[in-house]
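Notes follow once the structure below has been shown.
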Amino acid sequence: MSGGMLYGGDEIGALVFDPGHHSLRVGYAQEDTPKAEIPAVVGVASDDVKTEPEIKPEENNVSSTPSSNKYYIDTTFLHLPKPNMELHSYMKDGMIENWDLFEQILDYSYEKIIQSESHFHPVLFSESPWNQRQKREKLTELMFEKYKVPAFFLVKNAALAAFANGRATALVIDSGATHTSAVPVLDGYVITNAVVKSPLGGDLLVLRAREMLESIGVDLTPAALIASKEVIREKEKPKFTKKKFNFQPTNSWMTYMVKRTVQDFQQTVLQVSENPYDEKVAMNIPAVQYEFPTGYHQDFGPERFKLAEGLFDHPMLGAGYIASTSAGMCDVDIRPALYSSVVLTGGNSLVQGFSDRLSRDLSSRTPGSMRLKMIAANGTVERRFGAWVGGSILASIGTFQQMWVSAQEYQECGKAQIDRKCP
């Protein structure tokens, strides 16, 4: 008997973790939104420098290594420059790469966000469709051995995004920070050999936008370094005073903060045109005004569309192309079901006009006999946290309770149990 029903009661909630390249979403199952979204980077400062009190006091502050590091987690700490603080991501290619940093994030989640002991809560984790077996087993081992969770489960994030949109079978187009993927889901299971991914995502847009802004001489000094600024006329040189620090912020911190500045610009200004980019058409669409942290502001016209076009115009990597390729790799019998529920998810899909353009691109590639239906949640929460919301729904369904891998099963059969129970 898997002690699942013990936790099925209302008194103790299961937790849902959804790790991504941009952030980790964490919260209680049955809730509509994650309790917190923690950036997927950790600030690491070597401890020989005296800085503010660190974020994670050890049990009795005895550290195993003499020169221990201090870890800074979450926006409040990351957005303030600190001496020698280097920023590192623990994710690589949609999978957890740096386990030490990842544990710091988990410790922080339990301590500051959940504020409850880990051994009280079953945990559901999302994973990318191409996650490797040894990484799945390592995560299972970590959760049972270090965090002593009563039960654990792993689900592919595309299947969760489909559930969040009320579908068990769907073609999930997930456009995130580092890549866009097309993942066919059949009855809640990912068809792994038909997953197609392309490296065009939010980071590519940020990179392109940054190149464009730097080429026209926009100063991208992040808000955290600005003490005060004056109101100026459009396109005038900004007048601002920088904050004074008695140290030089690290390059990795500067890169991260400039990226955040450009990200805000990208999310506010960029737009995908409904048809392939045409300068004449774009010229006639009203420009959008944007003000940078330095106070500099100007109107952006056709460049808004030209930059965003990069997600679609590539003949082999465009979102429409990978979607139709993925569907084409599936069995002929299930294609109609996939085309009739194309689910759009991922933070990058929130670029204005993304879903309309994808719909247009896909309909031109859909075989005439198929009916195409795009499902794109209107709310930004549902789209950005699609996989998390699906996990929240799944972990609170009564029939799911006997699916958990319980601590008892883990003790009896070891970490290989995860491959048997979580395909």
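The values are calculated or read from the model by the stated rules, or taken from the named source; none is laboratory data. Only a predicted model underlies this, so the values are computations on that prediction, with no experimental measurement involved. Note that each Cβ is placed from the backbone with ideal geometry, even for glycine, and that neighbours are counted across all protein chains shown.
Things worth noting here:
Here's the yes/no breakdown for (1) hydroxyl-bearing (Ser, Thr, Tyr); (2) touching a strand residue (DSSP E or B) at 6+ places or on another chain (Cβ under 8 Å); (3) surrounded by 21 or more Cβ atoms within 10 Å (Cβ to Cβ); (4) outside the structural domain of Ser128 (by TED's automatic domain parsing):
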position: Asp331; (1), (2), (3), (4): no, no, no, yes
position: Tyr339; (1), (2), (3), (4): yes, yes, yes, yes
position: Phe354; (1), (2), (3), (4): no, yes, yes, yes
position: Arg357; (1), (2), (3), (4): no, no, yes, yes
position: Leu394; (1), (2), (3), (4): no, yes, yes, no
position: Gly414; (1), (2), (3), (4): no, no, no, no
position: Pro423; (1), (2), (3), (4): no, yes, no, no
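- Yes/no for Thr325 being out of contact with any Gly (no Cβ under 7 Å at 6 or more places or on another chain) and either assigned by TED's automatic domain parsing to the domain that holds Met212 or without any contact (Cβ under 8 Å) to a residue 24 or more places away in the chain (or both): no
- Any hit, segment 241-253, residues being part of a helix (DSSP H, G or I) and either surrounded by fewer than 17 Cβ atoms within 10 Å (Cβ to Cβ) or in the same structural domain as Val351 (by TED's automatic domain parsing) (or both): yes
- Lone unmet requirement of (1) part of a helix (DSSP H, G or I); (2) of a type in the set (A, V, I, L, M, F, W, C); (3) modelled with pLDDT of 95 or more for Leu372: (1)
- Consider segment 265-276 and keep the residues that are part of a helix (DSSP H, G or I) and touching a Phe, Trp or Tyr at 6+ places or on another chain (Cβ under 9 Å). The one that is nearest to Val42 (Cα to Cα) is Phe265.
- Just one residue in the set Thr268, Thr294 is surrounded by 17 or more Cβ atoms within 10 Å (Cβ to Cβ) and closer than 25 Å to His79 by Cβ; that residue is Thr294.
- Residue that is farthest from Ser181 (Cα to Cα) [pool: residues in segment 194-240 that are polar (S, T, N, Q) and either surrounded by 14 or more Cβ atoms within 10 Å (Cβ to Cβ) or in contact (Cβ under 8 Å) with a residue 40 or more places away in the chain (or both)]: Thr221
- One residue from Ala151, Ala159 being crowded, with 19+ Cβ neighbours inside 10 Å, closer than 13 Å to Cys422 by Cβ, more than 21 Å from the chain's Cα centre (by Cα) and modelled with pLDDT of 95 or more: Ala151
- Residue check, Ala182 within 27 Å of Pro336 (Cα to Cα), outside the structural domain of Phe292 (by TED's automatic domain parsing), in contact with a strand residue (DSSP E or B) (Cβ under 9 Å, 6 or more places away or on another chain) and surrounded by fewer than 23 Cβ atoms within 10 Å (Cβ to Cβ): no
- Criterion violated by Val281 - all others in (1) assigned to a helix (DSSP H, G or I); (2) of a type in the set (Val, Ile, Thr); (3) surrounded by 21 or more Cβ atoms within 10 Å (Cβ to Cβ) satisfied: (3)
- Residue in segment 401-412 that is assigned by TED's automatic domain parsing to the domain that holds Val172, in contact with a Lys or Arg (Cβ under 9 Å, 6 or more places away or on another chain) and touching a residue at least 12 places away in the same chain (Cβ under 8 Å) present: no
- Search result, residues across segment 112-122 that are under 23 Å from Ser406 (Cα atoms) and touching a residue at least 12 places away in the same chain (Cβ under 8 Å): Ile114, Ser118, His119, Phe120, His121, Pro122
- Search result, residues across segment 389-399 that are in a helix (DSSP H, G or I), free of Cβ contacts under 8 Å to residues at least 24 places away in the same chain and not hydroxyl-bearing (Ser, Thr, Tyr): none
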